[in-house]
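The values are calculated or read from the model by the stated rules, or taken from the named source; none is laboratory data. Values in this document were obtained by computation on a predicted structure and should not be read as measured data. Note that we place each Cβ from the backbone using ideal geometry, even for glycine, and neighbour counts take in every protein chain shown.
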Amino acid sequence: MSEYSRDSRYITTRITADGRDGYPVEPGRYRLVVARACPWANRMIIVRRLLGLEDVLSMGICGPVHDERSWTFDLDPGGRDPVLGIERLQEAYFKRFPGYERGITVPAIVEEATGEVVTNDYAQMTIDLSLEWTRYHRAGAPELYPEHLRAEIDEVSELVYRDVNNGVYRAGFASDQDSYQKAYRRLFDRLDWLSDRLAGQRYLVGDTITEADVRLFTTLARFDAVYHGHFKCNRTKLAEIPVLWAYTRDLFQTPGFGDTIDFAQIKQHYYEVHRMINPTGIVPLGPDLRNWLTPHGRESLGGRPFGEGTPPGPTLAAETVPAANWVS
C-alpha cells in the first residue's frame with residue numbers, strides 16, 4: 001500500500017521586521033510569485049489583498065500549465081516576468097541554490113535585486129504577512145491571526161490541512177484502492193465535522209475572518225470544479241452540502257476572496273498537467289458557476305467579516321481576473 005506523501009521540505013528562510021534571517025521587511029524589495037491555479041498560492045494572494053500590501057510587495061503571476069522543470073511566466077509578454085526578467089521560476093531557485101533538487105513551488109518570494117528565491121514556506125508566509133508586515137498594512141486591515149485565538153486557529157488549521165487541503169491530493173494521487181478509500185473517508189468525515197461546526201457560527205474561529213478561513217476556502221473553492229471529478233472526491237459536491245456551500249459562497253462574495261479565483265486557470269492546470277490522472281488533457285466545460293453569486297443567508301449568524309476593520313479596495317487592474325474566467 002502506497003499513500004501519497006507531500007514533500008514538506010520547504011525553504012524556511014523568513015522575511016521579518018527585525019531581519020533576523022538576513023531579509024528584513026522592506027517595501028519594494030521582494031516579489032511574490034504565484035499561480036492563480038494553485039490553492040497554496042491562492043492563500044497568499046488573498047492575504048496580501050486583505051492586508052493591503054499590493055504597493056509594498058509586488059506580484060508576478062505564472063501561467064496555469066507547467067512542465068517538470070517548473071512554473072513559467074508564459075502569461076507575460078515575451079514569456080518573461082517583467083520585474084525579475086526570468087522565464088521560469090526555477091531560475092530564481094537555482095540562483096540561490098544551484099542544482100536545487102526539491103520542488104519548484106509557488107507561492108515563492110524572490111528578492112528583486114539579486115533574483116534569488118527567499119522562501120517558499122507557504123504556511124509561514126501568510127502568518128508573516130499578518131505579523132511581520134504590520135507597519136505596511138492598510139488602514140482598516142483585518143486581524144487574521146489574533147493572539148487570543150492563535151492556538152485554536154492552529155488546531156483547526158492542522159485538521160483542515162491534514163484531511164481537506166492535503167486530503168484531496170491524498171485521494172487524487174493514491175496509487176492503490178486502500179489508500180484512496182482511506183483518504184476519501186477522512187476527507188468527507190472532516191467535511192461533515194466542518195459542516196457541523198459552521199452550522200451555528202459564521203466563521204471557523206471567532207466571529208471574524210481569520211487565517212483558518214483563508215486556508216479552508218482555497219480548497220472548497222476548487223472542489224466542484226476539480227476535486228469532485230478529477231481527484232475522485234465524489235461522495236457529494238460542495239453544492240450538495242448546504243452549510244459548507246453557503247459558507248464558501250459567503251467568503252466568495254467577500255472582497256478579497258472570490259475576486260482572486262480564476263476558474264478557467266484552475267481547471268486548465270489540474271486537467272492538463274496531471275496526465276497520469278487525465279491522459280487526454282481534456283479540460284471539462286462545467287460546472288455551471290453562476291450560482292456562486294446567489295444569496296447565502298449567513299449574515300443571520302452574526303459575525304463581522306473584517307472585525308473592526310474595513311473591506312479592501314478594488315483589485316489592481318493588472319491583477320484583476322479576466323471576466324471570462326470568473327462567474328456571471
Only one residue in I266, I277, I282 is more than 22 Å from L194 (Cα to Cα) and touching a Lys or Arg at 6+ places or on another chain (Cβ under 7 Å). Which one?
I266
Report, by residue number, each residue of region 256-289 that is at pLDDT below 95 and of a type in the set (D, E).
D288
Can E132 be described as modelled with pLDDT of 95 or more, under 19 Å from V25 (Cα atoms) and not hydrophobic (A, V, I, L, M, F, W, C)?
yes
Hits in region 256-300 - residues which are among the hydrophobic types (A, V, I, L, M, F, W, C), assigned to a helix (DSSP H, G or I) and in contact with a His (Cβ under 9 Å, 6 or more places away or on another chain)
V273
Complete set of residues in region 177-194 that are buried (at least 20 other Cβ atoms within 10 Å of the Cβ) and closer than 30 Å to P311 by Cβ
L191, L194
Could you check region 20-63 and list, in sequence order, the residues that are among the hydroxyl-bearing types (S, T, Y) and in a strand (DSSP E or B)?
Y30, S58
Identify all residues within region 8-29 that are of a type in the set (G, A, S) and free of Cβ contacts under 8 Å to residues at least 60 places away in the same chain; write none if there are none.
S8, G19, G22
Which one is surrounded by the most Cβ atoms within 10 Å (Cβ to Cβ) among residues in region 229-255 that are hydrophobic (A, V, I, L, M, F, W, C) and either modelled with pLDDT under 95 or not in a loop (DSSP other than H, G, I, E, B) (or both)?
L251
In region 150-160, how many are surrounded by fewer than 19 Cβ atoms within 10 Å (Cβ to Cβ) and either more than 14 Å from W193 (Cβ to Cβ) or of a type in the set (D, E, K, R) (or both)?
6
Matching option when the condition is in contact with a Phe, Trp or Tyr (Cβ under 7 Å, 6 or more places away or on another chain) and in the same structural domain as L198 (by the TED database), among G286, G281, G256
G281
Report yes if some residue within region 213-232 is more than 18 Å from D163 (Cα to Cα) and either free of Cβ contacts under 8 Å to residues at least 12 places away in the same chain or touching a Leu at 6+ places or on another chain (Cβ under 6 Å) (or both); otherwise report no.
no
Conditions first: (1) part of a loop (DSSP other than H, G, I, E, B); (2) within 28 Å of G309 (Cα to Cα); (3) free of Cβ contacts under 8 Å to residues at least 24 places away in the same chain. R197 passes all but one, so which condition is the exception?
(1)
Among the residues that make up region 63-82, is at least one of them of a type in the set (A, V, I, L, M), within 20 Å of H269 (Cβ to Cβ) and either in contact (Cβ under 8 Å) with a residue 60 or more places away in the chain or surrounded by fewer than 18 Cβ atoms within 10 Å (Cβ to Cβ) (or both)?
yes
